[in-house]
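Asks: Provided herewith is a single structure, encoded as structure tokens, for subsequent inquiry.
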Ligand SMILES: C[S@@+](CC[C@H](N)C(=O)[O-])C[C@H]1O[C@@H](n2cnc3c(N)ncnc32)[C@H](O)[C@@H]1O
């Protein structure tokens, strides 16, 4: 902290090298870590200090100890923690963030899954976008699945569950309104077919796309909720686990493994891997992308 009195926060500030950190923020870091798996190393602790500072300003508090009291008192802790987590998560995303993943999905994985389900009377595909931020990944998946319902997935029911920790992101996702930055990798074909122009430069996702997706708040570290996410054919958890430490990552990945159907696939962000975290999944390489496969019962590779 920059203040002479360590427990007084004058304004949100970046911690500079050599500066001492108010111990209250290390305690708040532990609360945040236990709640959602996000752990800020000392060199990134300014992100947490700034987030707390924004909440304290909104609440009219100047003393970090008072904020700590609010975060720990039985009557206020759950609600305040939720507000704080909304300040701390990083939601960088865009539509069509990884075209190679979409190509792998449409050219290889969907034909394989469709083949596995050929004898099922009700054809259903369940996809989970875990850590969906403001919805761009989920809508990308939905539009591509709609394209497939004109061919390979004709007559199939497509269900996309899109979840995030951040309440504000979930609300933005439900609205489905995007500007140039989010749409920078979206082709004119998709823009024309699946969006409606909205006041000026923004585009809104059309109802037929929204219809495929259910958005909700879900904390990936909440074991009791994770147990109820079974029966997925595909799980996308891209650019989320980078914020977790090893044990938090492993716990979530074990849930994903048990939540996937046999023969299902799990996608991470392009710079992420399961190296040293899980040896039950089989790594599968595609041009420009990779995915993790839960061996099917028929494959004999269990
Ligand atoms: C960088 S965004 C990734 C968005 C999208 N998946 C993508 O790759 O474009 C990371 C998201 O993970 C979410 N997140 C972080 N910790 C989480 C947790 N414990 N449970 C659920 N979501 C979490 C954040 O709220 C944020 O929206």
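Taken together, the values in this text are just the output of simple stated rules run on the coordinates, not laboratory data. In this text, all values refer to a predicted model and were calculated from it rather than measured experimentally. Because the Cβ atoms are built from the backbone with ideal geometry, glycine has one as well, and the counts that use them run over all protein chains shown.
Asks: Kindly work out what percent of the DSSP beta bridges joining two residues of the chain are antiparallel, to the nearest 5.
Replies: 45 percent
Asks: Label 7 Å along Cα→Cβ of residue 245; region 39-67 residues with amide nitrogen under 14 Å?
Replies: Hits in region 39-67 for residue 245 at 14 Å: 39-45.
Asks: In addition: List 296, 75, 248 from most exposed to least, where exposure is judged by having the fewest other Cβ atoms within 10 Å.
Replies: 75, 296, 248
Asks: Below 8 Å between Cα atoms, with a sequence gap of 6+, how large is the relative contact order for region 57-153 in percent?
Replies: Worked out over region 57-153, it gives 30 percent.
Asks: Nearest 5 percent is fine: what portion of the DSSP beta bridges confined to region 214-302 is antiparallel?
Replies: 65 percent
Asks: Arrange the following residues from fewest to most other Cβ atoms within 10 Å of their Cβ: 161, 283, 47.
Replies: Arranged by neighbour count, lowest to highest, 161, 283, 47 become 283, 47, 161.
Asks: Here is a further query. Quick one: compute the contact order of region 23-88, relative version, from alpha carbon pairs under 8 angstrom and 6+ residues apart, as a percent.
Replies: 34 percent
Asks: Could you give the angle, 0 to 90 degrees to the nearest 10, between helix 45-59's Cα long axis and the longest principal axis of the Cα atoms of the chain?
Replies: For helix 45-59, the angle is close to 70 degrees.
Asks: With each pseudo-label sitting 7 Å past Cα toward Cβ, what's the residue 258-residue 270 distance in nm, one decimal?
Replies: According to this spin-label approximation, the distance is 3.4 nm.
Asks: Shifting gears a bit: Counting alpha carbon pairs within less than 8 Å and at least 6 residues apart, what relative contact order, in whole percent, applies to the chain?
Replies: Relative contact order for the chain comes out at 16 percent.
Asks: Determine the calculated [θ] at 222 nm for the chain from helices alone, applying -39500 (n - 2.57) to every DSSP H run no shorter than 4 residues and normalising by the residue count; nearest 500 deg cm²/dmol.
Replies: The helix-only estimate for the chain comes to -11000 deg cm²/dmol at 222 nm.
Asks: Which FRET efficiency value, to the nearest 0.05, is calculated for residue 99 and residue 120 with the Förster distance at 22 angstrom and r the Cβ-Cβ distance?
Replies: Efficiency for this residue pair is about 0.15.
Asks: Can you classify region 214-302 as rounded, prolate or oblate using the Cα gyration tensor, where a ≥ b ≥ c are the square roots of its eigenvalues, rounded means a/c under 1.5, and otherwise it's prolate if a/b beats b/c and oblate if not?
Replies: oblate
Asks: Helix 77-88 against the longest principal axis of the chain: what's the angle in degrees, Cα atoms only, rounded to the nearest 10?
Replies: The answer is roughly 70 degrees.
Asks: Give me the one-decimal nm value for the distance between modelled label points at residue 280 and residue 79, 7 Å along each residue's Cα-to-Cβ direction.
Replies: For residue 280 paired with residue 79, the spin-label model returns 3.9 nm.
Asks: If you fit an axis through the alpha-carbon atoms of helix 246-259 and take the longest principal axis of the Cα set of the chain, what angle between them do you get, 0 to 90°, nearest 10?
Replies: 30 degrees
Asks: In addition: Given a Förster radius of 25 Å and the C-beta distance between residue 62 and residue 225 as r, what FRET efficiency does 1/(1 + (r/R0)^6) yield to the nearest 0.05?
Replies: The pair residue 62/residue 225 has a calculated efficiency of 0.10.
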